[in-house]
Every structure is written in C-alpha cells, then in structure tokens.
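Read through the structure below, which is laid out as structure tokens, and then see the notes.
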Amino acid sequence: MSYFEPDADLLAASDAALASVNVSRLLPAATTFEVHDPATEEVIGNLPNHTPDDALVALSKADAAGKEWAKTSPRRRSDVLHAVYAKLIEHKDTLAYVISREMGKPLAEGYAEVQYSADYVRWFAEEALRAQGLYRDSPAGDATILVRRGPIGNAVLIAPWNFPMAMATRKIAPALAAGCACVVKPAALTPLTTVVVLDLMIQAGVPEDLVQVITTTNSPGFSSTLLADQRVRKISFTGSTPVGSTLMALAAQNIVKSSMELGGNAPLLVFDDADIDRAVEGAILAKMRNGGQTCVAANRMFVQNGIADAFVEKFTAAMAAHKLGNAMNKDVTLGPVIDDRAVKRLQLLVDDAVAKGATLLTGGKSPDRKGHYFEPTVLDNVPANADIMTTEIFGPVAAITRFSTQAEVIEKANDTEFGLAAFVFTQDLDRAINVAEALETGMVGINNGLLSNIAAPFGGVKASGTGREGGAEGLDEYQEIRYFTMKRRETE
Ligand code: SIN
C-alpha cells in the first residue's frame, strides 16, 4: 500500500502551531517529559512532568477559585462559556494542527474535532441556563418542597488520547456550567491540545486557577492522591474498564460521584433488508472514524447471509481505498495509530484470527517504515474463538462474521461484558426498533454509523461504564440535588 508524505506547507504551519503552545499557564515542575508525533516518532513538545504534590497544589488553587465561581449566576457562566466557544473557533487552525500532530488523525478530522469540542462548550453554555430545580406540593398538601440543583464541587477530569480536545471539553464545559472547579489530566501521549485549550479558556474570561491542567506520566499517583483528598467531589474518566474499575474503588473511599466512559466491543448488524450502500457508508464511518480508535468503533461486524457477499465486496473496496500517511498531507484519510504498542497489538489480533481460520481480504500488516502505521484491514468469516472477537481493536481492522437469524445475532451481539454502543442496518422499521431494544448497550445507531452528538447522552451499560456525557444529562453529572421543605399552616 502506498504512503503519503506530508505537504511542506502544512508541516510548516503545524510546526508553527506547536511552537506557539503556551505552557506558562501550567504549574512548574522539577522534570519534563516528551511528546511525540506518532507519524514520525519525532519529539514535538516538552511539558512539565507534574508530581502528585503538584496535583495537590493545583487542587488547592482550583478549590479557592471554585468557591467564587459557585456563587456566579447561570447567566455569567453561560456568557463565559459562549466566549470560550468563540475563542476556540477563532483559533481552530492552531487547535487542529496540534491535535493532528500529537494524535496523528488526518487534518480534516482534526478540524472536525475542534468543531465537535467547541460545540460541547456552546451546548453547555446553553444548558447552564436550564439547570432547573422544581417546586412541588407534598401529597398531603401540608408542605412545600423545593428541589435545588447546585454545583457538586471540585471535579477531577481524566481525558484519553484519542480525542484530546473533545473529551476534555466534554468534561470541562459541564463542570464550569454547573459552577464547579476542575483539575484536568490529559493523556501523557496527547497533552499539548489541552494546554492550548486552557490558555484560550483563560483568554476568553475563565477565571485563572478555576481550571487546572496537570501534565504527568504518573497517572496512578495523580488519581490516588487526588481521590484521597476530601475536597474532590467528582471524578470523570474516559479510558479502559480496568482503570475505570480501579478509579471507582478509589472514589469509593470518600463517596465521590463517578462518571466512567469505559471500554467497548460494539457489534454492527447488517440485515438482508438493509440498503447496502447506506450500510457500507455507515459501517466505514462506524469502523474508521479516528482510524478506528474510538471506544464506539464497530468491533464485531455481523452480516446476514443473503447480503453478506455483496456487502463484504463493497466494504472491502472502501477500506482498501483509504490513503494511508502523515496527517499533514491533505489527501490522507488514515493516519498512524497512537504508538508502537498499538501496532503490535493489532498485528497479534490479525495473526491470531487468520491462524484460527479467518480470511484476510485486504491489509493485515504494518508498512515497513518509520511511524506507527497499520494498513486498513478486513478479515472475513472470523471465528468466534478469535481473540479479536473479545478484544477492543482500537485500530483500522474490521472483523466480519456472518449470521442467519435475528435471534441468533442478538444473542451473539450481547455475548460480551461490554455495553457501550451498537449499530443496526435495516430498512424494516419494526426490526430496527425491536433489535435496538434487545441490544444491551447504552447507544444504538440505526442506519447511522455516527453516534457522537453533543445533544445526546453518551455512555454505556455493563462494563462499559456509568454516567453520561453530553445532552442535558451531561450537566446532571456535575450537580448535587438538595431539597428544602417548608411546613404549611393556614394564616388569617
Ligand atoms: C471515545 O472514543 O471515547 C469518544 C468518541 C466520541 O465522542 O465520538
């Protein structure tokens, strides 16, 4: 498969964006760590490597600023978030370049992420005004009940590397809208974007100290130290199920409210009655957005026997048509995966599936060159005992298997501890609803390969997590509900 080199002008512009990253908003630290471009393995940044003690300093600053912020009006919080939205959009070029250089996604996807991220900020600017309580009469009519929603308190926000901007703003924006302060830890693989976002937030009017960003390679030290501190009242994490489970145990010490957006193993079901072109288009989106590195990516593709050959042919052609290369080439549609560990994991999964009887239709290996690349890959007739059927792939590899009946495929789709996302392609409205109801996942895309939407409650069931991000529900996660009751007495 051919490889697309970077365009000189985009490379120069992105170098300038990286050089402009302002680290002066961060706390100082005794040591630093390097950030690498996954496309070339070159060092593209150096950031303070904060210690757990630094994280406590950050918490103290956030706590003090948060006490003032909690007293602000919803209108003020909304206005500040609207100003942040405008500032992020004003600097969309810088943000897109930094995202794409540190994470590797093609520049068009970098721009799409900037808009998606900024849209969360605008959404929560609007939701800030609608954080309503309620007034209720007691059933006996002898008391009045007032239900009030207030900020839950200091939030610890741990973001993943795959959407370095969107996953940060999806957490920071509702925290600020609700009146909370936060300490944010971006992934050590992709921390630069969050540093840019912090700078722009402060420029837009977010009080200094209210949002603290801790950049560190010591994630366990960061989490265990902050979650042992009683000033922390909320944790939101996006990442793997084992880490989420550890964080929930740490959060349990001080009964800290947890939102966990964890691993997935999304089934994608294509029924004989599907519109084949729509199904292929949706499956490509569900599989290949962000190079397959999303927790909602279609992990197991089940295709009904009557449509299977035609679907597999068209889907494989669309996979093979991807242009693999450096994110700084405008024609590239598939960048590198995040690191060398990911390349090795993908290779093991592909080799294991083939050894157990799967047919390799395209791709299947890492090109022999520098950078963490893996070819777009399609495996057909993947047996149930292949590791890929139970492992989150997180890369550009599609695993297809075939089925006969609706009942059979629902049983197979649900045969996993995960329950984040699923996709159904059918033109039969009854089937669409019946299957969506039967699938044990927090989200179902019906003839739609894109689940992500600022207005929707994003999140999973079973081992895929708890809590929701986005939608009106995303704000609830940062609120504490209290109620006041007043006894009534007749007066003259
Ligand atoms: C994720 O992969 O964690 C989130 C993806 C999204 O918001 O679309």
(request) Please list the non-local residues whose amide H lies under 5 Å from the amide H of T32, H modeled 1.01 Å from N, same-chain partners needing a gap of 5 or more. (result) N49
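Could you tell me the calculated FRET efficiency between R369 and D275, based on Cβ-Cβ distance and R0 = 25 angstrom, to the nearest 0.05? Intermediate values should be presented prior to the final figure.
Details: r = 39 Å, r/R0 = 1.54.
Calculated transfer efficiency: 0.05.
Normalized C-alpha radius of gyration of the chain, against 2.2 N^0.38 Å? Display every interim value, and only then the final one.
Values: Rg = 23.5 Å, N = 492, 2.2 N^0.38 = 23.2 Å.
Expressed relative to 2.2 N^0.38 Å, the Cα Rg reads 1.01.
For the stretch 324-375, report the % of Cα-Cα distances exceeding 14 Å.
Working: 743 of 1326 pairs.
I get 56 percent for the Cα pairs in the stretch 324-375 exceeding 14 Å.
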(request) Rounded, prolate or oblate: pick one for the stretch 177-243, where a ≥ b ≥ c are the square roots of the eigenvalues of its C-alpha gyration tensor, a/c under 1.5 means rounded, and failing that, prolate if a/b is larger than b/c, else oblate. (result) oblate
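I need the peptides 235-244, 282-291 ranked by packing, meaning the mean over residues of other C-beta atoms within 10 angstrom, with the highest value on top.
Working: 235-244: 21.7, 282-291: 23.7.
Output ranking for 235-244, 282-291: 282-291, 235-244.
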(request) Relative to the longest principal axis of the C-alpha atoms of the chain, give the angle of the C-alpha long axis of helix 429-438, reported between 0 and 90° and rounded to the nearest 10°. (result) 70 degrees
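For the peptides 444-457, 82-95, 356-369, what is the packing order when you average, over each peptide's residues, the other Cβ atoms within 10 Å and list the highest mean first?
82-95, 444-457, 356-369
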(message) 7 Å from Cα along Cα→Cβ at both I89 and Q253: what's the point-to-point distance in nm?
(response) 4.3 nm
(message) Let's see if you can work this out: charge +1 on each Lys and Arg Cβ, -1 on each Asp and Glu Cβ, no other charges. What is the dipole magnitude of the chain about its Cα centre, in debye to the nearest 20?
(response) 1500 debye
(request) Just the number, please: carbon plus sulfur as a percent of the accessible area of the stretch 144-274, 1.4 Å probe, no ligands or DNA/RNA counted. (result) 58 percent
(message) What does the C-alpha gyration tensor say about the overall shape of the stretch 266-454? Classify as rounded when a/c is under 1.5, otherwise prolate if a/b is larger than b/c, or oblate.
(response) prolate
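Rounded to the nearest 20 debye, what is the charge dipole size of the stretch 266-454 about its Cα centre when +1 sits on each Lys and Arg Cβ and -1 on each Asp and Glu Cβ? Walk me through the numbers before you get to the answer.
Working: 17 positive and 25 negative charges, 171 e Å.
In debye, rounded to 20, the stretch 266-454 gives about 820.
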(request) Using only Cα atoms, find the angle between the long axis of helix 166-178 and the longest principal axis of the chain, and express it within 0 to 90 degrees, rounded to the nearest 10. (result) 20 degrees
(request) Might you tell me the accessible area per residue for the chain, computed with a 1.4 Å probe and given in Å²? (result) 40 Å²
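Let me check I've understood the local charge: for A128, count other residues with C-beta under 10 angstrom from its C-beta, Lys and Arg +1, Asp and Glu -1. What total comes out?
Details: positive: R75, R76, R77, R130; negative: D79, E126, E127.
Taking every Cβ under 10 Å from that of A128, the sum is +1.
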(request) Just name one of Q347, V378, G363: the one whose Cα is farthest towards the positive end of the charge dipole of the stretch 338-381 (beta-carbon charges, Lys/Arg +1, Asp/Glu -1). (result) Q347
(request) State whether the stretch 94-220 is rounded, prolate or oblate according to the following rule on the C-alpha gyration tensor (a ≥ b ≥ c being the square roots of its eigenvalues): a/c under 1.5 gives rounded; otherwise a/b larger than b/c gives prolate, and the remaining case gives oblate. (result) prolate
(message) Less than 16 Å apart at the alpha-carbon level, and either on another chain or at least 8 residues along: which aspartates and glutamates does that give for K487?
(response) D137, D142
(message) Using the crude model of +1 on Lys and Arg Cβ and -1 on Asp and Glu Cβ, and no other charge, please compute the dipole size for the stretch 11-68 relative to its Cα centre, in debye to 20.
(response) 320 debye
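Cα-Cα over 25 Å: which of K323/K356; K323/K370; K105/K171?
On the way: K323/K356 29 Å; K323/K370 17 Å; K105/K171 21 Å.
Flagged as over cut-off: K323/K356.
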(request) Could you tell me how many degrees, from 0 to 90 and to the nearest 10, lie between the Cα long axis of helix 305-320 and the main elongation axis, the longest principal axis, of the Cα atoms of the chain? (result) 80 degrees
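Rounded to a whole number, what % of the accessible area of the stretch 309-449 do carbon and sulfur atoms account for, probe 1.4 Å? Working shown, then result.
Working: 2920 of 5960 Å².
Within the stretch 309-449, the accessible surface is 49 percent carbon and sulfur.
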(request) Identify, among V98, P139, V121, the residue whose Cα sits farthest towards the positive end of the charge dipole of the stretch 83-144, taking +1 on the Cβ of Lys and Arg and -1 on the Cβ of Asp and Glu, with the dipole about the Cα centre. (result) V98
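The values are calculated or read from the model by the stated rules, or taken from the named source; none is laboratory data. Everything quoted here is computed from the prediction, not taken from an experiment. Note that we place each Cβ from the backbone using ideal geometry, even for glycine, and neighbour counts take in every protein chain shown. Protein only, heavy atoms only, side chains kept; ligands, DNA and RNA dropped before computing areas. Shrake-Rupley method; radii C 1.70, N 1.55, O 1.52, S 1.80 Å.
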